[in-house]
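Engineer: Following this message is one structure expressed as structure tokens.
What follows draws every value from the coordinates through simple rules; no lab data is involved. As the structure is a prediction and not an experimental result, all values here were calculated from the model. We place every Cβ from the backbone using ideal geometry, glycine too, and count neighbours over all the protein chains shown.
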Amino acid sequence: MSSATSTATEPMGRFAGSSKMGLAFGVGAVCLIAALAGFFVGDASAAAHSYLIAFAYWVGISVASTIMLAIFHTAKAKWPIVLRRTMETMGATVPVFIVLFVGVVLGLKQLYSWWPESPLAAHIEGIEKVHLGHKQHGYLFPTFFWVRQAIYFTVWTLVSWRLRSWSMKQDETGELELTVKQRKFAPGALPFLALTITFAAFDWLMSLTPLWQSTIYGAYYFAGSFLAAFCLLTVVTVLAQGKDLYGSVVTTAHYHNLGKLMFAFTAFWAYIGFSQFLLVWIANLPEEAPWYGIRIFGAWRPLSIALVLLHFVLPFFTLLSRNLKLQPRKLMVVALYLLLMHWLDLYWLVWPAMTGKAGPSFHWTLPVAFVGVGGIAVGFALMLARNKFTLPVKDPYITESMRYVQP
Amino acid sequence: MEAKVLDSWVLAEFATPDILVDATNQMREKGYQGMDTYSPYPLHGGSEALGLPPSRVPFIALGGGLTGMCTALAMQTWMNTIDYPLNIGGRPLLSLPAWIPITFELSVLFAAFGIFFGLLGLSRLPQPYHVAFESEAFRSASTHGYWLGVPFAAGTDSSETMNQLKALGATQVTIVTGEKE
């Protein structure tokens, strides 16, 4: 406790910027160009699906960070304030995804059978064609699709930048009203964030198989993204050691809480995943069952079982340990592992739509697109953090947050 | 002779929880053992000050949870496949997905039982009699008093202990002697 108080009195400077920013942008750009080449020269369908996984992975973490931030504001939480700037930065990277969305747009025909003139629609016949027609008439048509995308990115950008700019302004002025503004704005924004991420999941991922629907699908995508956001926050916090970086004032109690939240949302992911599965499995309706049928029987079966064991059972029992959650380095290893599992989860959601009964396969664009989108996103986040404080230095509760102990 | 049937404690009251925790720390460092703290609400840093080992409740909870899980799976397997097999919509008799909710609930229930009864057992509660109850003033521990109890062998001299407690800021110090639990 005393050490945290003494560090608080040391002046915390602005983040000078990281040499890794150029590296992230460079590697990201090279990988994106490679993925683009893969799309135009190689297997366009595989490249488009790889890119979609990567895009959904990184933008999900960004939006989940904004939701996390808004929830903490809504609860008027004081303990996470030392971690808040990182959440704000992660959330504020969302505009770069508007640019990165071009990659998804390029592959629309390869991805979605409902898109006009998609070659995938050739396989849909008979009554299914009629059903698809209904969906294309009411929801899955280009104009409405564009309008929805515009709404999602507008809401995400508006909320994340609004909260961040108030928080940054407080770094200069220290006005108490800015805290009040953030805490009034955040709860109002939450329903919009919840609806937009739900419908984004419907549009980008669920409509890969347009004849199948699940109302909880958005929550499933959110659960995975939210868990990944906590993992990334943990990794960044552990790595943020050194001059002018907030990692030095983060205490064991904060890591313990991050570990507890990772644990909780590992369970939450499994809970939502199972809720979706049980209803489909027990009803066993012809229009619902095939989505799971393809995944739990045949070539996809081993991966589906592995996902339950590796994304839930193993991390659940690992994170049960109190000791582990008190050790930042070890917690970071678990966080990195879960970040990898989140990718596997999205692969499991997207890839079967392409390969079908043929089962899991590897394509070189999978890692390339992942690093490409990730590199640009991380580079942009580091750019946003440059010349800024790495924690809200003049927040009225900052010292309370640094002195936080377990209640 | 007396030490076999009698239990003696020095009880000291402190004005605030912080002084109590501080005093407990110092008494422990001086080598006093078997002490206990009493306060109307959970004491921050109390167990650390007493030098208590990590709680065993989590392991009891885990044991309870696993017992609940096995009980639920065994119960459903027996009921659905042996005792009363029913064909429901052509599903296999052993349908794990349908059993998960009950397995989950029973795991939680048994883990909760483990925590509740494990905690009671480890804290040796309910405790209808304790030597400290011999002191009338000690009643304040359930309303506004912060107490530290230091055990000593009945019949030995406790004035040194009492002086040290007073030096650490105790507002009142008393000796209680009664039957062993």
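Engineer: Starting from the Kirkwood radius over alpha-carbon pairs of the stretch A:185-324, derive D by Stokes-Einstein at 25 °C in a medium of 0.890 mPa s and give it in µm² s⁻¹.
Structural biologist: Numbers: Rh = 17.3 Å.
So the translational diffusion coefficient is about 141 µm²/s.
Engineer: I'd like the projected area of chain B, averaged over all directions, using the convex hull of its alpha carbons. Report it in nm² with one decimal.
Structural biologist: On the way: hull surface 58.5 nm².
Taking the Cα atoms of chain B, their convex hull projects to 14.6 nm² on average.
Engineer: Below 16 Å, Cα to Cα, which aspartates and glutamates can residue B:30 reach? Residues fewer than 8 away in the same chain don't count.
Structural biologist: In chain and number order, the partners are B:22, B:48, B:160.
Engineer: So if R0 is 25 Å, what FRET efficiency would residue A:213 and residue A:305 give, r being the distance between their Cβ atoms, rounded to the nearest 0.05? Please report the intermediate quantities before stating the final value.
Structural biologist: Working: r = 25 Å, r/R0 = 0.99.
So, using R0 = 25 Å, E works out to roughly 0.50.
Engineer: Are there any helices in chain B, counted as whole DSSP H runs, that stretch 15 Å or more along their axis by Cα and score at least 1.6 on average by Kyte-Doolittle, and if so which? It would help to have the intermediate numbers written out before the result.
Structural biologist: Numbers: long enough: B:17-29 (18 Å, -0.62); B:57-77 (30 Å, 1.23); B:96-122 (37 Å, 1.84).
The answer, listed by residue number, is B:96-122.
Engineer: Find which of A:280, A:318, A:371 sits farthest along the positive direction of the dipole of the stretch A:268-389, computed with +1 on the beta-carbon of Lys and Arg, -1 on that of Asp and Glu, about the Cα centre.
Structural biologist: Of A:280, A:318, A:371, it is A:318.
Engineer: Apply 1/(1 + (r/R0)^6) to the Cβ-Cβ distance of residue A:184 and residue B:159, taking R0 = 56 Å, and write down the FRET efficiency to the nearest 0.05. Present the calculation step by step, with values, prior to reporting the outcome.
Structural biologist: Details: r = 62 Å, r/R0 = 1.10.
With R0 = 56 Å, the Cβ-Cβ based efficiency is 0.35.
Engineer: How long is the gain from residue A:125 to residue A:337 if the chain were fully straight, where each residue apart is worth 0.36 nm and the alpha carbon distance is subtracted? Each step should come with its number before you reach the end.
Structural biologist: Working: separation 212, 0.36 × 212 = 76.32 nm, distance 4.21 nm.
72.1 nm is the gain from fully extending residue A:125 to residue A:337.
Engineer: Something else about it: The stretch A:73-125 to the stretch B:53-90: how many Å between their Cα centroids?
Structural biologist: First find each Cα centre; the distance between them is then 41 Å.
Engineer: Taking a spot 7 Å from the Cα of residue A:16 along the direction of its beta carbon, which residues of the stretch A:376-406 have an amide N less than 18 Å from it?
Structural biologist: A:382-391
Engineer: If you don't mind, there's one more thing I want to ask. With a length cut of 18 Å (Cα positions projected on each helix's long axis) and a Kyte-Doolittle mean of at least -1.0, go through chain A and give me the DSSP H helices that pass. Intermediate results must be reported in sequence, preceding the final value.
Structural biologist: Working: long enough: A:20-40 (30 Å, 1.93); A:44-74 (44 Å, 1.32); A:94-106 (19 Å, 3.15); A:142-173 (46 Å, -0.20); A:176-204 (40 Å, 0.64); A:217-239 (33 Å, 1.70); A:252-283 (47 Å, 0.89); A:328-355 (39 Å, 1.00); A:365-385 (29 Å, 2.07).
TM-like helix candidates: A:20-40, A:44-74, A:94-106, A:142-173, A:176-204, A:217-239, A:252-283, A:328-355, A:365-385.
Engineer: If you filter the stretch A:240-321 for trypsin sites (Lys or Arg not before Pro), then keep DSSP loop positions with at most 13 other Cβ within 10 Å, what is left?
Structural biologist: Working: sites: A:243, A:260, A:295; in loops: A:243.
Taking the stretch A:240-321 and a limit of 13 other Cβ atoms within 10 Å, the loop trypsin sites (Lys or Arg not before Pro) found are A:243.
Engineer: Can you tell me the convex hull volume per residue for the stretch B:57-122, based on C-alpha atoms, in Å³ to the nearest whole number? Don't skip to the end; give the middle numbers.
Structural biologist: Numbers: hull volume 4.6 nm³, N = 66.
In the stretch B:57-122, the Cα hull volume divided by residue count equals 70 Å³.
Engineer: Sticking with this structure for a sec: Find me the longest stretch of chain A that has none of the exposed GluC sites (Glu not before Pro), where exposed means in a DSSP loop (not H, G, I, E or B) with at most 14 other Cβ atoms within 10 Å. Numbers along the way, then the final one.
Structural biologist: On the way: sites that count: A:117, A:125, A:175, A:287.
Value returned for the longest uninterrupted segment is A:288-407.
Engineer: Scanning chain B for trypsin sites (Lys or Arg not before Pro) in DSSP loops with at most 15 other Cβ atoms within 10 Å, what's the longest stretch left with none?
Structural biologist: Numbers: sites that count: B:30, B:56, B:124, B:180.
After excluding every exposed loop site, the longest remaining stretch is B:57-123.
Engineer: Over chain A, calculate the relative contact order: mean separation of alpha carbon pairs under 8 Å at least 6 apart, over the residue count, as a percent. Spell out each step's value before the answer.
Structural biologist: Details: 564 pairs, mean separation 148.9, N = 407.
That works out to 37 percent.
Engineer: Restrict the search to the stretch B:1-83; then list the chymotrypsin sites (Phe, Trp or Tyr not before Pro) that DSSP places in a loop and that have at most 11 other Cβ atoms within 10 Å of their Cβ. List each step's numbers first, then the result.
Structural biologist: Values: sites: B:9, B:14, B:32, B:38, B:59, B:78; in loops: B:32.
Qualifying residues, ordered by number: none.
Engineer: To the nearest 20 debye, what charge dipole does the protein assembly as shown have about its Cα centre, counting +1 at the Cβ of each Lys and Arg and -1 at the Cβ of each Asp and Glu? Don't skip to the answer; put the middle values down first.
Structural biologist: Values: 38 positive and 33 negative charges, 301 e Å.
With Lys and Arg at +1 and Asp and Glu at -1, about 1440 debye.
Engineer: Are there chymotrypsin sites (Phe, Trp or Tyr not before Pro) in the stretch A:340-407 that DSSP puts in a loop and that have at most 13 other Cβ atoms within 10 Å, and which ones?
Structural biologist: Working: sites: A:343, A:347, A:348, A:362, A:364, A:370, A:380, A:389, A:397, A:404; in loops: A:362, A:364, A:389, A:397, A:404.
Here the sparse-neighbourhood loop sites are A:362.
Engineer: Stretched out fully, how many nm does the piece from residue B:143 to residue B:26 gain, at 0.36 nm a residue minus the Cα gap?
Structural biologist: On the way: separation 117, 0.36 × 117 = 42.12 nm, distance 2.50 nm.
Full extension from residue B:143 to residue B:26 adds 39.6 nm.
Engineer: Given points 7 Å out from each Cα along the Cα-Cβ axis, report the residue B:81 to residue A:76 separation in nanometres with one decimal.
Structural biologist: 5.5
Engineer: Give, as a single signed number, the net charge of other residues whose beta carbon lies under 9 Å from the beta carbon of residue A:390, with Lys and Arg counted +1 and Asp and Glu -1. Don't skip to the end; give the middle numbers.
Structural biologist: Values: positive: A:14, A:85, A:388; negative: A:244.
Summing Lys/Arg as +1 and Asp/Glu as -1 gives +2.
Engineer: On to the next question. Would you please report the Å³ per residue occupied by the convex hull of the alpha carbon atoms in chain A?
Structural biologist: Working: hull volume 55.2 nm³, N = 407.
So the per-residue Cα hull volume is 136 Å³.
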